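> Following this message is one structure expressed as structure tokens.
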Amino acid sequence: MAERQVTVESEVGLHARPAATFVQTAAKAPLDVTVAKGGGQPVNAKSILAVLSLDVRKGDTVVIKAEGEGADEILDQLALIASAP
Amino acid sequence: MTTLTGVGVSPGVGFGPGYVLAYETPVPAPGARHGGDAGAERDRATRALEQVAADLEERGVRAGGEAQDILGAQALMARDPGLAAGVAGLIDAGKSAARAVYEAFGGYREMLVDAGGYLGERAADLDDVRDRAIAVIEGLPVPGLPSRAARPYVLIARDLAPADTALLSRDVVAAFVTEQGGPTSHTAILARAMGVPAVVACPGATSIAPGTPVLVDGVSGLVRPAPSEEEVATARNAASARDAVLAAATGPGMTADGHAVPLLANIGGPRDVDGALEHGAEGVGLYRTEFLFLDRTTAPSGEEQEAAYLEVLDAFPGGRVVVRTLDAGADKPLAFLPPQGEEPNPALGQRGLRLLRAHPEILSTQLAALARAAARSSAKLQVMAPMVATAEETAWYVATCKEAGLPSAGVMIEIPAAALRAADLAEEADFFSLGTNDLAQYAFAADRQVGALTALQDAWQPALLDLVALAVAGAVEHGKTCGVCGEAAGDPVLACVLTGLGVTSLSMAPPALPAVRAALSRHTREQCLLAARAAMAGTSPQEARAAARSHLPGLAGLAL
């Protein structure tokens, strides 16, 4: 299981446009991707409602995980989106 | 019909026939079940959700801009895999497609509403997706709005979905009025983007009969059904005169005879900086830092705090930024501190400076972060404590700030005891900042949250003006400054009175700055002084206001 831990830098947190971009990118991957806030319960990264309900704010740390072929590439992309200011 | 009042969220005056949007998608009955073919029923639900998603996306592409983002996010909701799984599970358990959609959305809806704030306002977006999907499944017409009109109409609704409003334009809509929604609701955001006046949180609006001419003031929040021609003309003239005058008043705050009164912004985080600069704030008079601390399970690190402070300081090079150290308590609890236990009167409980004295590590981390940020910026950083009652508390706070390397430490005057003994406090503090909202709450024993007591919260109450005068006198005795950072500072008339009382700076919500700047620039310091004396001689808020206005002739040109 590959994972990335990143600090969310966007002013609006993982809401609004960053959340939409994050979910759309995750949804394109042909493997399961999860995201968790801090050490919390991981949720499906392809679900906008699940991602919104994490209520990730600027400065929060998220852990993104995926397993299988191409996991590293998709995690790199998602980490970039989550950490973009 | 009487005038209704809501919250003005997009400025301007709009007038036109009321178009009342009163549709509600019927709730599918709790017992609604399908005929037995779960697979076919699941297909119906999936197709309906996909149709809604595609429709929302298509509307987004046509609308472009901010609306496209909002509608795109709604399309993602319609295509949410977690939601789809929930719907499928409910259909497998025998529920009809419509009922399954209703229940599956319900779970997420509750979560958003419980979270409140920004997420709470997203519940309306989710409801709209749900109602559209149910309408498709049930074969009901998906309600739309006239996208053309002979005369622009005033759109009135319980709440508006962005899918409804995104394709409208100024040629079609004269104003928006909704019963629900807040300043960050999509109606507010899109109305501002369109440049159309809007009033939200206006109870009773949908009881206006369709077709009734409606006058809407997006600044005052007043909604007047069936106004006279004269009222419409007056409101329109006032709005255009106000716009012209406000646009003409620029530069730092000062009276007509050149007495400087710095005009500062109240902000709740770095995201408010743009608005402050846009309205010409000379600095920040109240930087509320709660946003860093509330709603989180661990305390924010010093580094995170430093970044948030520096971001604001950097926006005002050479200017003044007054940061209020953490103002939390029983009504704004911190999840990372041990629970405080029930307080019967949270407003009178262990909050503000009282809480920080019980947890000095929180204050020392915050002050250290502030000192580091100040060292990296050219802005002049000042810090102040909330909820200070005594000179002893003041001395403790100022000493703690000085130890942390912060050269200017003041206190907020929001407890009557602090105003009554202002000279004692001024001996210790570097400056005062009057928080008129809490000062009124404590002086009148009137809870700010209780709507029935609003009259006692009126900043024109002569007793409140007395407390302001006492605080100023105490500050003057020791050569210290005394600003105001409550709602009172944003009232252009009261701003002149406060200046007359000797207040040295005014800090307010950024949109209030232009009107205050214009009002000050049209009066001399002497006129402000006379207005202040006249106001204090009144025995009621109404008398005080009327007496002050009689000394401020320049207000007429501002249509205030």
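> Of everything in region B:1-59, what is of a type in the set (Val, Ile, Thr), modelled with pLDDT of 90 or more and closer than 22 Å to residue B:105 by Cα? Give them in sequence order. Let's see the steps before the verdict.
Restricting attention to region B:1-59, the residues satisfying the condition of being of a type in the set (Val, Ile, Thr) are B:2-3, B:5, B:7, B:9, B:13, B:20, B:25, B:27, B:46, B:52.
Adding the requirement that they be modelled with pLDDT of 90 or more leaves B:13, B:46, B:52.
Across region B:1-59, the qualifying residues are B:46, B:52.
> Please name all residue pairs, on different chains or six or more residues apart, with Cβ atoms under 6 Å, provided the first residue is in region B:362-381 and is assigned to a helix (DSSP H, G or I) and the second residue is at pLDDT 95 or above and among the polar types (S, T, N, Q).
Close Cβ pairs satisfying both conditions: B:366/B:325; B:369/B:305.
> Okay, moving on. Would you be able to tell me the number of residues in region B:452-468 that are surrounded by fewer than 19 Cβ atoms within 10 Å (Cβ to Cβ) and modelled with pLDDT of 90 or more?
Counting residues in region B:452-468 that are surrounded by fewer than 19 Cβ atoms within 10 Å (Cβ to Cβ) and modelled with pLDDT of 90 or more gives 3.
> While we're on this one: What pairs come out if I take residues in region B:152-178 that are basic (Lys, Arg) and pair them with residues that are at pLDDT 85 or above whose C-beta lies under 6 Å away, six or more apart or interchain?
Close Cβ pairs (under 6 Å, with a partner that is at pLDDT 85 or above) amount to B:158/B:179; B:158/B:206; B:170/B:196.
> Can you pull out every residue in region B:136-168 that is modelled with pLDDT of 80 or more and hydroxyl-bearing (Ser, Thr, Tyr)?
B:153
> Restricting to region B:60-102, name every residue that is more than 11 Å from chain A (Cβ to nearest Cβ), modelled with pLDDT of 85 or more and part of a loop (DSSP other than H, G, I, E, B).
B:93, B:94, B:96
> Of B:239, B:276, B:248, which residue is in contact (Cβ under 8 Å) with a residue 12 or more places away in the chain and surrounded by fewer than 13 Cβ atoms within 10 Å (Cβ to Cβ)?
Going through B:239, B:276, B:248 in turn, the sole match is B:248.
> Something else now. Quick test for you: out of A:6, A:56, pick the one residue that is in contact with a Ser or Thr (Cβ under 7 Å, 6 or more places away or on another chain), modelled with pLDDT under 95 and under 20 Å from residue B:303 (Cβ atoms). Give the steps one after another, and end with the answer.
Details: A:56 fails: in contact with a Ser or Thr (Cβ under 7 Å, 6 or more places away or on another chain).
None of the others qualify; the one that does is A:6.
> Helices (runs of 4 or more DSSP H) wholly in chain A with at least 3 residues that are within 13 Å of another protein chain (Cβ to nearest Cβ) - which ones?
Here the list reads A:16-28, A:48-53.
> Of B:296, B:288, which residue is facing chain A (nearest Cβ under 10 Å) and among the charged types (D, E, K, R)? Spell out the reasoning first.
On the way: B:288 fails: facing chain A (nearest Cβ under 10 Å).
When all the criteria are applied, what remains is B:296.
> If I go through region B:475-493 residue by residue, how many of them are at pLDDT 95 or above and either among the aromatic types (Phe, Trp, Tyr) or in a helix (DSSP H, G or I) (or both)?
3
> Right, something else. Kindly provide the set of residues from region B:270-282 that are modelled with pLDDT of 90 or more and either part of a loop (DSSP other than H, G, I, E, B) or on the phi > 0 side of the Ramachandran plot (or both), ordered by number.
B:280, B:281, B:282
> Out of contact with any Phe, Trp or Tyr (no Cβ under 9 Å at 6 or more places or on another chain), buried (at least 20 other Cβ atoms within 10 Å of the Cβ) and within 14 Å of another protein chain (Cβ to nearest Cβ): does that describe residue B:132?
No; evaluated as a whole, the condition is false for this residue.
> For region B:380-394: of the residues being crowded, with 24+ Cβ neighbours inside 10 Å and among the β-branched types (Val, Ile, Thr), which is farthest from residue B:467 (Cα to Cα)?
This residue is B:383.
> Could you list, in sequence order, the residues of region B:220-255 that are outside any helix (DSSP H, G or I) and among the small types (Gly, Ala, Ser)?
Those that are outside any helix (DSSP H, G or I) and among the small types (Gly, Ala, Ser): B:220, B:221, B:226, B:228, B:249, B:251, B:253.
> For residue B:68, state whether it is surrounded by fewer than 19 Cβ atoms within 10 Å (Cβ to Cβ), polar (S, T, N, Q) and more than 29 Å from the chain's Cα centre (by Cα).
no
The values are calculated or read from the model by the stated rules, or taken from the named source; none is laboratory data. These numbers were taken from a predicted model, which means no experiment stands behind them. Counting neighbours? That spans all protein chains shown, and the Cβs are built from the backbone with ideal geometry, glycine included.
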